[in-house]
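> Structure below; questions to follow.
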Amino acid sequence: MSILIWYLSVINFTTWAAYGLDKGRAKSGKWRIPERTLLLLALIGGSLGALAGMIMFRHKTRKPKFFISVPVMFVVHCVIVAMLVYMK
């Protein structure tokens, strides 16, 4: 279980940082992190970090593929973690 906690902490921090970095780059007109990468980070366990990044940085909040898929991924991840905890 400690490996799962470690993994989720790292992937969510990384995802949150990626959303912040992308927002900063968007403001300054620099090279951006592809949307596909941001969504992939959320999909592989970083949905909480993505949701926090969207709210804190006000980033990708108007794009339907983000404001719909990220909360859905978060709910699915919560269910998966709850099942893993319950089954242990």
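Just so it is clear, none of the values below were taken in a lab; they were calculated from the coordinates. These figures come from a predicted structure and were not determined experimentally. Don't worry about glycine lacking a Cβ; one is built from the backbone with ideal geometry, like all the others, and counts go over all protein chains shown.
> Mean 1/r over all different Cα pairs, inverted: what Kirkwood radius does the chain give, in Å?
On the way: mean 1/r = 0.0754 Å⁻¹.
About 13.3 Å, per the Kirkwood formula over Cα pairs.
> Based on Cα positions only, what radius of gyration and what Dmax would you give for the stretch 43-88, in angstroms?
Gyration radius and largest Cα-Cα distance of the stretch 43-88: 12.0, 39 Å.
> Also, quick follow-up: Taking a spot 7 Å from the Cα of K88 along the direction of its beta carbon, which residues of the stretch 1-43 have an amide N less than 14 Å from it?
Label zone hits: 1-9.
> What dipole magnitude, in Debye to the nearest 20, does the stretch 8-79 give about its Cα centre under +1 on Lys/Arg Cβ and -1 on Asp/Glu Cβ?
Numbers: 11 positive and 2 negative charges, 84 e Å.
So the magnitude is around 400 debye.
> Output the pairs from K60/K88; K30/K63; K63/K88 with a Cα-Cα distance over 31 Å in this structure; if there are none, say none.
Numbers: K60/K88 36 Å; K30/K63 20 Å; K63/K88 38 Å.
Violating the 31 Å Cα-Cα cut-off are K60/K88; K63/K88.
> Rank S28, Y86, L41 by how far each Cα sits towards the positive end of the charge dipole of the stretch 24-88 (+1 on Lys, Arg Cβ; -1 on Asp, Glu Cβ) and give me just the farthest.
Working it through, the farthest residue towards the positive pole turns out to be S28.
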